[in-house]
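The values are calculated or read from the model by the stated rules, or taken from the named source; none is laboratory data. From a predicted model like this one, the values you see are computed outputs, not experimental measurements. When we count neighbours, we look across all protein chains shown, and the Cβ atoms used for this are built from the backbone with ideal geometry, even at glycine.
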Amino acid sequence: MPAYTLTVNGERRTVEAAEDTPLLWVIRDLLNLTGTKYGCGAGLCRACTVHLDGEASFSCQIPIAAVGAKRVTTIEGLSPDRSHPLQQAWIEEDVPQCGYCQPGQIMSAAALLARTPAPSDDQIDDWMKTNLCRCGTYNRIRSAIQRAAAARADAKVGTRSDAHDEEPSHG
Ligand code: FES
Ligand code: FES
């Protein structure tokens, strides 16, 4: 079987797999990163969402041979200690019910906030509408994304304020 070297969560990992092996199974079975979930296997539920170069992608639909040099980020790579604003917001809003869809939801939400830091409810609903949740946690997901966006905005204001305080005087 051919060998592929991937960059996953910032680490170079080499695996042997048939060229048509879906990235999802490489992540779960060969790299033991089981946070990424299998739902439909057909590109319909987004339970398997990871980032490829920051873009939300269905890992069940991407053969390993197509990954190339793209950086793969899984839910395990979002932060080492659950400190990402989305993870904090998910905890504070008590979003999950069974939890199965939630890694994919969070990875999609992270891609949304990377391109739209302060999304409206409509933008959230439009972006997240293809991430299916059988438990119907959609309202809490929306609230958590708004909470994370606000937390990030607050953090940026704090950073700017600190930076201003530290500016050298020209007097
Ligand atoms: S498992 Fe990939 S889209 Fe459903
Ligand atoms: S929390 Fe159960 S499927 Fe979404």
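Let me confirm something: among Ser108, Ser83, which residue is hydroxyl-bearing (Ser, Thr, Tyr) and either touching a His at 6+ places or on another chain (Cβ under 6 Å) or assigned to a helix (DSSP H, G or I) (or both)?
On the way: Ser83 fails: either touching a His at 6+ places or on another chain (Cβ under 6 Å) or assigned to a helix (DSSP H, G or I) (or both).
Residue meeting the stated conditions: Ser108.
Check Leu44, Leu23, Leu6, Leu31 and return the single one that is within 15 Å of ligand 1 (Cβ to nearest atom) and either assigned by TED's automatic domain parsing to the domain that holds Met128 or within 23 Å of His84 (Cβ to Cβ) (or both). Don't jump to the end; show me each part of the working.
Values: Leu44 fails: either assigned by TED's automatic domain parsing to the domain that holds Met128 or within 23 Å of His84 (Cβ to Cβ) (or both); Leu6 fails: within 15 Å of ligand 1 (Cβ to nearest atom); Leu31 fails: within 15 Å of ligand 1 (Cβ to nearest atom).
Sole residue among the options that is within 15 Å of ligand 1 (Cβ to nearest atom) and either assigned by TED's automatic domain parsing to the domain that holds Met128 or within 23 Å of His84 (Cβ to Cβ) (or both): Leu23.
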Please go through the stretch 86-103 and pick out each residue that is more than 16 Å from ligand 1 (Cβ to nearest atom) and either buried (at least 22 other Cβ atoms within 10 Å of the Cβ) or among the charged types (D, E, K, R) (or both).
Leu86, Ala89, Trp90, Glu92, Glu93, Asp94, Val95
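If I filter the stretch 61-80 down to residues being closer than 17 Å to Thr5 by Cβ, part of a helix (DSSP H, G or I) and more than 16 Å from ligand 1 (Cβ to nearest atom), which single residue comes out as farthest from the chain's Cα centre (by Cα)? Step through it out loud before you land on a result.
Filtering the stretch 61-80 down to residues closer than 17 Å to Thr5 by Cβ leaves 62-74, 77.
Next cut, part of a helix (DSSP H, G or I) only: 64-66, 77.
Still in the list and also more than 16 Å from ligand 1 (Cβ to nearest atom): 65, 77.
Details: Ala65: 22, Gly77: 8 Å.
Once the filter is applied, the top-ranked residue is Ala65.
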For the stretch 1-60, please list each of the strands (runs of 3 or more DSSP E) lying entirely inside it that holds at least 3 residues being touching a Phe, Trp or Tyr at 6+ places or on another chain (Cβ under 9 Å) and over 24 Å from Cys98 (Cα atoms).
11-16
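Hey, could you check the stretch 109-135 for residues that are free of Cβ contacts under 8 Å to residues at least 24 places away in the same chain and away from ligand 1 (no atom under 16 Å from the Cβ) and say which is surrounded by the most Cβ atoms within 10 Å (Cβ to Cβ)?
Let us first name the residues in the stretch 109-135 that are free of Cβ contacts under 8 Å to residues at least 24 places away in the same chain, namely 115-116, 120, 122-129.
Next, only the ones that are away from ligand 1 (no atom under 16 Å from the Cβ) stay: 115-116, 120, 122-126.
Numbers: Arg115: 11, Thr116: 14, Ser120: 10, Asp122: 8, Gln123: 13, Ile124: 22, Asp125: 14, Asp126: 12.
By that ranking, first place goes to Ile124.
Confirm whether Arg152 is at pLDDT below 95, in contact with a helix residue (DSSP H, G or I) (Cβ under 7 Å, 6 or more places away or on another chain) and among the basic types (Lys, Arg).
On the way: at pLDDT below 95: yes; in contact with a helix residue (DSSP H, G or I) (Cβ under 7 Å, 6 or more places away or on another chain): yes; among the basic types (Lys, Arg): yes.
Yes: the conditions hold for Arg152.
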I need every pair where a residue in the stretch 82-98 that is of a type in the set (A, V, I, L, M) has its Cβ under 8 Å from the Cβ of a residue that is part of a loop (DSSP other than H, G, I, E, B) and away from ligand 2 (no atom under 14 Å from the Cβ), sequence separation at least 6 or different chains.
Leu86/Leu78; Ile91/Arg82
Six or more apart or on different chains, Cβ atoms under 6 Å: show the pairs whose first residue is in the stretch 48-71 and in the same structural domain as Ile106 (by TED's automatic domain parsing) and on the phi > 0 side of the Ramachandran plot and whose second is assigned to a strand (DSSP E or B) and of a type outside the set (D, E, K, R).
none
